[in-house]
């Protein structure tokens, strides 16, 4: 049993648009006191992928759940994220989620599981239905 999940930008966007799987995952994480780690770049990209004026109230309600833990991009992580993005030819939000997953050993909640396997086969994913 894992001790949480990394939430990538596709999962943030899914949550913003009321995806039933993501709503259930949040509820389960609250009940099980299981953190959902949100990398800052994934959060920003997930917001960019959404019509903010339409989804802001619902997303703010969801993100107020105590299971969410936001992870900033500090200087040391910035180097690692940039290296992943450059070497694996991926975007920065995906690289930030991959870095956090590799560092923590936690699976990534995503609509794009194949992208993470291409970055590093050690990254476990949980596809969003």
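Laboratory data are not the source of any read-out in this text; all were calculated from the coordinates shown. These figures come from a predicted structure and were not determined experimentally. Here Cβ is always computed from backbone atoms with ideal geometry, including for glycine, and neighbour counts include all displayed protein chains.
Structure data summary
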item	result
Rounded to 10°, Cα long-axis angle of helix 92-104 versus longest principal axis of the chain	90 degrees
Label-to-label distance, nm, for residues given as residue 122 and residue 65 (7 Å Cα→Cβ offset)	2.9 nm
Rounded to 10°, Cα long-axis angle of helix 20-31 versus longest principal axis of the chain	90 degrees
Radius of gyration and Dmax over the Cα atoms of the stretch 5-123, both given in Å	13.6, 38
The chain: most fluctuating residue of 88, 71, 103 per GNM, C-alpha cutoff 10 Å	103
Label-reachable residues, the stretch 86-107, where backbone N falls under 16 Å from a point 7 Å from residue 21's Cα toward its Cβ	107
Angle between the chain longest axis and helix 75-88 axis [Cα atoms, degrees, rounded to 10]	70 degrees
Spin-label model distance (nm) - residue 53 vs residue 30, 7 Å beyond Cα toward Cβ	2.9 nm
Least to most buried among 49, 74 (fewest other Cβ within 10 Å first)	74, 49
Using a Förster distance of 30 Å, the FRET efficiency for residue 89-residue 3 (Cβ separation, nearest 0.05)	0.45
